[in-house]
Amino acid sequence: MSDQAARKEWMSLLAKAPPTALQALWADRDVLGWSWLRAPEIGSAMVRGRMGGNGAPFNLGEMTVTRCSLKLADGTVGHAYVQGRDKAHAERAALVDALMQTALAKDISDAILSPLRGQMSDAAEKRAAKAAATKVDFFTMVRGED
């Protein structure tokens, strides 16, 4: 996987992660010597959709997002865009993004990203199982003509 694809994957994971899950995995980690390039700020983004996945795009509505950018002491820059108004979630996501670009990437991946990936996969499986339990199979019986 290329560096760009890997970063896209972990940033997507951090953006979709439940804030409480990321907070629990982040625990008492302390990253020394970083500064804000852009402090967390709350705004909105237009969400667009397409009918059937290939129709003409249309504006579905707006969603609230929080974004921030920071720089570690070694010059590595981390960015985050997260859904909602949680500034601490955006800060932690940006710190993880920056640390994943350093020599600590393996440790951060093992301690934070892998467990997050597992938790989110388990939650998706539970949702799918709950939906599957309500599935109704309809079928048509064909009567023969006499």
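The values are calculated or read from the model by the stated rules, or taken from the named source; none is laboratory data. These numbers come from a predicted model, not from an experiment. Ideal geometry is used to build each Cβ from the backbone, glycine not excepted, and the neighbour counts take in all protein chains shown.
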(request) Check whether at least one residue in the stretch 64-75 is under 21 Å from Ala27 (Cα atoms) and part of a helix (DSSP H, G or I), and report yes or no. (result) no
(request) Could you please tell me which pairs satisfy a Cβ distance under 6 Å, a separation of 6+ or placement on different chains, a first residue in the stretch 32-44 that is part of a strand (DSSP E or B), and a second residue that is of a type in the set (Ser, Thr, Tyr)? (result) Leu37/Ser69; Arg38/Ser69; Pro40/Thr66; Ile42/Thr66; Ser44/Thr64
(request) Inspect all residues belonging to the stretch 5-12 and state whether any of them is in contact (Cβ under 8 Å) with a residue 24 or more places away in the chain, out of contact with any Lys or Arg (no Cβ under 7 Å at 6 or more places or on another chain), of a type outside the set (A, V, I, L, M) and farther than 26 Å from Ala123 by Cα. (result) no
(message) Show the residue pairs meeting these rules: Cβ distance below 7 Å; 6+ apart or different chains; first residue within the stretch 69-93 and under 15 Å from Ala45 (Cβ atoms); second residue crowded, with 16+ Cβ neighbours inside 10 Å and among the polar types (S, T, N, Q).
(response) His79/Ser69; Val82/Thr66; Gly84/Thr66; Arg85/Thr66; Ala90/Thr66
(request) Hey, could you check the stretch 84-110 for residues that are surrounded by fewer than 15 Cβ atoms within 10 Å (Cβ to Cβ) and more than 21 Å from Gly33 (Cα to Cα) and say which is farthest from the chain's Cα centre (by Cα)? (result) Asp110
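For the stretch 120-128, state whether one or more residues are at pLDDT below 95 and surrounded by 15 or more Cβ atoms within 10 Å (Cβ to Cβ). Please lay out each step first, then the result.
The initial filter retains those residues of the stretch 120-128 that are at pLDDT below 95, namely 120-128.
Those left that are additionally surrounded by 15 or more Cβ atoms within 10 Å (Cβ to Cβ): 120.
Yes, there is a match, as at least one residue in the stretch 120-128 is at pLDDT below 95 and surrounded by 15 or more Cβ atoms within 10 Å (Cβ to Cβ).
Would you mind stating whether Gln119 is touching a strand residue (DSSP E or B) at 6+ places or on another chain (Cβ under 7 Å) and under 22 Å from Thr20 (Cβ atoms)? Steps first, please.
Values: touching a strand residue (DSSP E or B) at 6+ places or on another chain (Cβ under 7 Å): no; under 22 Å from Thr20 (Cβ atoms): yes.
Taking the combined requirement at face value, the residue does not satisfy it.
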